[in-house]
Amino acid sequence: MQKLYFYDTGLACSLVRIENQQQLSTYYQKGELFENLVINEFIKQRYNHGKINNLYFWRNNHGNEIDCLISQFETDMVVEIKLGATYSTSFFLNINYWNKLSKGTAKDSYVVYTGDKTLKTKLGMLISWKEMDKLLALI
């Protein structure tokens with residue numbers, strides 16, 4: 001299934017008439033805007049290092065989805081993007097589903113979220129959007 005992203009989240013906000021942070025905080029699709037922002041950072045990182053865009057979105061007919069699969073030589077990195085600022089193991093539900101299908105591991109599993117702490121969990125790496133450079137260095 002295809003998913004469309006804006007290369008400019010400022011333009012996306014402008015098109016839905018978001019002019020300030022207060023409007024953004026109550027916008028019903030703010031999670032999608034955050035996901036778009038993170039995906040754009042991944043794409044820019046790859047292009048700035050002369051690499052092709054190897055990012056994919058995956059969803060099955062049962063509604064299970066992965067926000068970003070990063071295809072690499074030996075394995076795929078799996079990334080979920082969450083607007084939540086408080087860690088929950090539920091952030092890794094779709095990743096766990098994918099890992100069972102693909103025989104993936106927690107070592108290649110990441111969640112980018114709006115919280116402040118970056119930490120390693122038994123399910124994968126939880127990365128604060130403020131420290132996304134740690135993930136960008138891997139892609």
If I take every Cα pair under 8 Å that is 6 or more residues apart in region 9-136, average their sequence separation and divide by the length, what percent do I get for the relative contact order? 16
Roughly what angle does helix 93-102 make with the longest principal axis of the chain, taking Cα atoms, 0 to 90 degrees, to the nearest 10? 40
Region 1-58 - Kirkwood radius from inverse mean 1/r over Cα pairs (Å): 12.6
The extension gain from Lys130 to Thr105, computed as 0.36 nm times the residue separation minus the Cα-Cα distance, is 6.6 nm
Top positive-direction residue, dipole computed over region 10-96 with Cβ charges, set Val16, Cys68, Leu33: Val16
With Cα coordinates, the longest principal axis of the chain makes an angle with the long axis of helix 30-48, in degrees rounded to 10, of 70
Suppose only helical runs count, i.e. DSSP H with n ≥ 4. What mean residue ellipticity at 222 nm does that imply for the chain under -39500 (n - 2.57) per run, divided by all residues and rounded to the nearest 500 deg cm²/dmol? -9500 deg cm²/dmol
Suppose we look only past 21 Å in the calculated P(r) of region 41-104. What percent of the Cα-Cα pairs does that tail hold? 31
Using a simple spin-label model with points 7 Å from Cα along the Cα→Cβ vector, what separation in nm is obtained for Asn40 and His62? 3.5
Can you give the direction-averaged projected area of the convex hull of the alpha-carbon atoms in the chain, in nm²? 8.9
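Here, each number is a calculation from the coordinates, and none is a lab measurement. In this text the structure is predicted, and so the values were computed from the model without any measurement. Using ideal geometry, Cβ is built from the backbone for each residue, glycine included, and neighbour counts are taken over all protein chains shown.
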